[in-house]
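So the structure is just underneath, and the comments pick up after that.
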Amino acid sequence: MDQWEAEAVEAHAAWAPFSSAVAAVALVGPGSVSDAAEDLRSAMYALDQAAVAWHEAACVAGRGNLAEFDEKYMEAVAAKREPGRVFQQAARKALNAEA
């Protein structure tokens with residue numbers, strides 16, 4: 001449980017810088033990058049909410065093997081892959097970093 005708590009604190013601490021970065025991209029980035037960043041933020045928020053639900057359920061159950069919550073978390077992990085890829089591709093294009 002100590003490990004779960006440490007990871008939850010770390011994830012919570014990472015959310016503010018991530019949100020700030022998305023806001024900065026929205027202000028100064030080209031529209032395609034801004035849109036991709038917002039889609040990624042939405043996917044990351046869903047992932048964060050799935051992790052919070054898992055953490056709360058695991059603390060109540062006293063164990064981490066919770067099939068329903070594990071499945072929802074892994075679905076959120078998979079759902080963020082495409083928005084992450086699209087954001088990276090849009091950012092690289094905007095920065096002229098494409099090969």
**Request:** Enter the accessible area per residue of the chain (Å², integer; probe 1.4 Å; all protein chains in place).
**Result:** 68 Å²
**Request:** Compute the distance in nm between two label points, each set 7 Å from the Cα along the Cα-to-Cβ direction, one at residue 71 and one at residue 45.
**Result:** 2.6 nm
**Fill in**
Taking Rh as the Kirkwood radius computed over alpha-carbon pairs of region 1-84 and applying Stokes-Einstein at 37 °C with viscosity 0.692 mPa s, one gets a diffusion coefficient in µm² s⁻¹ of 237 µm²/s
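Using a 1.4 Å probe over the heavy atoms of the protein chains, calculate the carbon and sulfur portion of the accessible area of the chain as a whole percent.
Details: 3950 of 6730 Å².
Carbon-and-sulfur percentage of accessible area, whole number: 59.
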**Message:** As an exercise, identify the trypsin sites (Lys or Arg not before Pro) in the chain lying in DSSP coil whose Cβ has no more than 10 other Cβ atoms within 10 Å.
**Reply:** 63
**Complete:** Expected max-MSF residue from 52, 28, 77 in the GNM of the chain (alpha carbon, under 10 Å) is 28
**Prompt:** Along the charge dipole of the chain, Cβ charges K/R +1 and D/E -1, which of 14, 54, 1 sits furthest on the positive end?
**Reply:** 14
**Inter-label distance for residue 81 and residue 95, nm, one decimal - labels placed 7 Å from Cα along Cα-to-Cβ** = 2.3 nm
**Item:** Principal-axis tilt of helix 2-28 within the chain, Cα atoms, nearest 10 degrees
**Value:** 20 degrees
**Request:** May I ask you to derive the relative contact order of the chain, considering only C-alpha pairs under 8 Å and at least 6 residues apart, and to give it as an integer percent?
**Result:** 30 percent
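The values are calculated or read from the model by the stated rules, or taken from the named source; none is laboratory data. Just so it is clear, the structure is predicted and the values come from calculations on it, not from any experiment. Every residue, glycine as well, gets a Cβ built from its backbone with ideal geometry; the counts of neighbours run over all protein chains shown. Calculation scope for accessible area: heavy atoms of the full protein, side chains included, ligands and nucleic acids excluded. Shrake-Rupley method; radii C 1.70, N 1.55, O 1.52, S 1.80 Å.
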